[in-house]
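Engineer: Sharing a structure, written as structure tokens. Questions coming.
The values are calculated or read from the model by the stated rules, or taken from the named source; none is laboratory data. In this text, all values refer to a predicted model and were calculated from it rather than measured experimentally. Cβ placement follows ideal geometry from the backbone for every residue including glycine, while neighbour counts extend to all protein chains displayed.
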Amino acid sequence: MVLYIISGFAQSGKTTLVNLLLKDPKIARIVTSTSRKPREGEVDKNDYYFLKEEDFKDLSKFIETALVHGNYYGTLKDEVKNKLKQEGKKVVWVMDVQGVANILKNHKDLDKDMVTIFITPEKFTTLIQRIRLKEDSNSGQRIESIRKELTYLSLFKYFINTSISLEESLEDLKGVIYGSKEKMMKCLEFAKNFNIDKFLRS
């Protein structure tokens with residue numbers, strides 16, 4: 001079964017798109033784990049498995065783990081195994097770029113069955129504006145993280161543009177997952193033409 005790996009910058013629109021995507025009953029999401037506290041409205045085992053920091057010390061239980069903004073994130077082996085057993089489902093796996101790099105490097109058995117998708121607007125300033133609007137105390141750290149994450153973009157085959165309407169971005173994402181040649185070509189073209197220097201100047 002194919003795994004659709006989805007990643008994106010902070011405030012790229014990734015969470016919104018994935019939440020809309022999951023309204024499709026044919027799509028299942030691998031639920032990742034974190035040591036951070038639940039945010040308002042988040043539900044254990046639905047949004048994340050909310051674990052204690054010491055739970056991440058037993059690496060044998062995880063396919064991958066990463067320390068991001070002072071919190072541990074990871075994916076339990078049993079979670080992946082159970083989701084892949086669900087017949088007739090398209091399985092999406094949302095993770096940060098460090099996690100994607102880890103999977104591609106250390107889990108070649110999964111590599112051949114993965115499609116990597118990156119979500120981003122066309123302009124860097126769009127992300128900065130969205131982050132600052134959130135009035136997050138970590139806004140400076142998040143903006144700096146985006147600069148670092150740019151070095152991982154070669155890991156991704158398809159790019160979803162979130163500078164267009166939400167409806168169109170969602171259709172592009174669905175098109176890649178369901179194999180629409182037109183949408184796949186569109187997202188390949190966006191990835192091909194995405195220039196990091198131009199993005200940072202925008």
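Engineer: Just need a number here: residues in segment 69-110 that are over 27 Å from Lys23 (Cα atoms), at pLDDT below 85 and touching a helix residue (DSSP H, G or I) at 6+ places or on another chain (Cβ under 7 Å).
Structural biologist: 1
Engineer: How about segment 76-92: which of its residues are in contact (Cβ under 8 Å) with a residue 12 or more places away in the chain and within 14 Å of Tyr49 (Cβ to Cβ)?
Structural biologist: Selection gives Leu76, Lys77, Asp78, Glu79, Val80, Lys83.
Engineer: Could you pull out the residue among Gly88, Gly70 that is exposed (fewer than 13 other Cβ atoms within 10 Å of the Cβ) and under 20 Å from Leu173 (Cα atoms)?
Structural biologist: After ruling out the rest, the residue left standing is Gly88.
Engineer: Now for a different question. Identify all residues within segment 46-73 that are at positive phi and in contact (Cβ under 8 Å) with a residue 40 or more places away in the chain; write none if there are none.
Structural biologist: Taking segment 46-73 and keeping what is at positive phi, we get 69-70.
Matches in segment 46-73: His69 only.
Engineer: Among Ser139, Ser180, Ser154, which is exposed (fewer than 14 other Cβ atoms within 10 Å of the Cβ) and either of a type in the set (Phe, Trp, Tyr) or without any contact (Cβ under 8 Å) to a residue 24 or more places away in the chain (or both)?
Structural biologist: The unique qualifying residue is Ser154.
Engineer: Continuing with the same structure: Starting from residues that are hydroxyl-bearing (Ser, Thr, Tyr) and in contact with a strand residue (DSSP E or B) (Cβ under 7 Å, 6 or more places away or on another chain), keep the ones in segment 25-65 and report whichever is farthest from Lys108 (Cα to Cα).
Structural biologist: Initial filter on segment 25-65 (hydroxyl-bearing (Ser, Thr, Tyr)): 32-35, 48-49, 60, 65.
From the residues that got through so far, the ones that are in contact with a strand residue (DSSP E or B) (Cβ under 7 Å, 6 or more places away or on another chain) too are 32-35, 48-49, 65.
Numbers: Thr32: 20, Ser33: 22, Thr34: 24, Ser35: 27, Tyr48: 25, Tyr49: 25, Thr65: 16 Å.
So, considering only residues that are hydroxyl-bearing (Ser, Thr, Tyr) and in contact with a strand residue (DSSP E or B) (Cβ under 7 Å, 6 or more places away or on another chain), the one farthest from Lys108 (Cα to Cα) is Ser35.
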